[in-house]
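What follows is one structure encoded as structure tokens, with my remarks underneath.
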Amino acid sequence: MTLFLRGVILIIVGLKFLYGFLKVSFALSLGLLVFTFFLLFRNTMLSHWPDKTSPAFYRLAYEEIGFTTRDGVKLRGWLLGKGSRLPTVILCHGLGTNKSDLISLANSIYEAGFNVFLFDFRGHGESRNRITSFGYLEQRDLEGAIEYIFKRQDLENKNLGVFGLSMGGAVAVMMAARDPRIKAVVSDSTYQDLYSSMVHHAKVFYSLPKFPFNIFLRLAYILRFGYDPKKISPQEAISQISPRPILIINGEKDKQVPAENAYALFNKANTPKELWVVPQAGHGEGYYRHFEQYQSRIIEFFQKNL
């Protein structure tokens, strides 16, 4: 067999091997993408957990509110009306919970002399829809809540503050960056950007390695919502809030949203800004571990700035 013929055979064998490898790689990649998509799909379809309690538990006078977002989703909420000339604070809950999770904090803020508006994000509580996008579509929900407050002629004082927990905090930061009607923001346990948060959660809850699932998670989210999760970034938005103040809170021992996220947000924010990393607290645990300090710090922040 001549050297030329051997070379041709080697090339043919090599091409066949490469073709087989590419077929296997493509099939494996497609399988991983399908797996990741359905994992994401499952985690974006939520059960509607009923309210654990209501303002009536604290003997508070309140209104049951319904309003509709610009994309047509009907949401439900509670308005605790303290007085027409008092500022209003909107409370935004976290993923997989509902407005009742914040009723104790709402009671404290209400008693301090504020109107308080709690509502359920889409796919949560009493609101319609079953889909959550971890902070992208939910910005429309907060926008709808703000529109509702500003349409209320009996709420003369339009100084508006927003508190957000976890996903609600991300929504609060991103909305405040583009809506100057928000005069002060408190953000607790908030991711710096959705993409890195999704990759982190995949590792924490499903033990999935960063590579290649970072690629598949991004593609799956784009397929699901038509938007790049890298662009859902409180870290990129937060500098636009200034000169309005922001208070950033995070648990020191938070495994879901590590405190590094709070430091990153704080470093990107312009003044006035405050940072409180709560000692020994896990995800969203600051309120329960340091009850009096937590509520007094938030109330003092809103009193000073609203």
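Ranking of 78, 49 by neighbouring Cβ atoms within 10 Å, starting from the fewest: 49, 78. Under conditions of 4 °C and 1.567 mPa s, segment 161-226 yields 98 µm² s⁻¹ as its translational diffusion coefficient, taking Rh as the Kirkwood radius over Cα pairs in the Stokes-Einstein equation. As a rough guide to protection, the peptides 125-132, 39-46 ranked by mean Cβ packing within 10 Å, highest first, stand as 125-132, 39-46.
Pull up the DSSP beta bridges for the chain and report the antiparallel fraction as a percent, rounded to 5. The partial results should precede the final answer.
Details: 11 of 37 bridges.
Looking only at bridges with both residues in the chain, the antiparallel portion is about 30 percent.
At a 10 Å Cβ-Cβ cut-off, how would you order 116, 277, fewest neighbours first? Working shown, then result.
Details: 116 29, 277 17.
The most exposed by this proxy come first: 277, 116.
Within the straight-line cut-off of under 13 Å between alpha carbons, the aspartates and glutamates reachable from residue 230 are 193, sequence neighbours fewer than 8 places apart in one chain being disregarded. Computed across segment 67-198, the Kirkwood radius stands at 14.5 Å (inverse of mean 1/r, all Cα pairs). A straight chain from residue 32 to residue 239 at 0.36 nm per residue would run longer than the Cα-Cα distance by 70.8 nm. Each listed q (0.10, 0.11 Å⁻¹) maps to a log10 I(q)/I(0) for the chain, found by the Debye formula over equal Cα scatterers with no solvent: -0.56, -0.66. Using the Karplus relation 6.51 cos²θ - 1.76 cosθ + 1.60 with θ = phi - 60°, the per-residue 3J(HN,Hα) values for segment 248-254 come to 10, 10, 7, x, 4, 9, 5 Hz, with x marking Gly and Pro. The magnitude of the dipole of the chain, with charges of +1 and -1 set on the Cβ of Lys/Arg and Asp/Glu and taken from the Cα centre, is near 960 debye. Model label points for residue 267 and residue 154, set 7 angstrom from Cα along the Cα-to-Cβ axis, are 4.9 nm apart. What the Cα atoms of segment 35-93 give is an Rg and a Dmax of 16.5, 53 Å. Modelled label positions at residue 45 and residue 293, each set 7 Å beyond Cα in the direction of Cβ, lie 4.4 nm from each other. For residue 52, the lysines whose Cα comes closer than 20 Å to its Cα, not counting residues fewer than 8 places off in the same chain, are 99.
Would you be so kind as to identify all helices of the chain, as entire DSSP H runs, whose Cα atoms reach 30 Å or more along the helix's own axis and whose mean Kyte-Doolittle hydropathy is at least -0.5? It would help to have the intermediate numbers written out before the result.
Values: long enough: 3-43 (59 Å, 1.82).
Result, helices passing both filters: 3-43.
Helical content alone sets the calculated 222 nm signal of the chain at -14500 deg cm²/dmol, taking -39,500 (n - 2.57) per DSSP H segment of four or more residues and averaging over every residue.
Taken together, the values in this text are just the output of simple stated rules run on the coordinates, not laboratory data. Since the model is a prediction, treat every value here as computed from it, not as a measurement. Ideal geometry is used to build each Cβ from the backbone, glycine not excepted, and the neighbour counts take in all protein chains shown.
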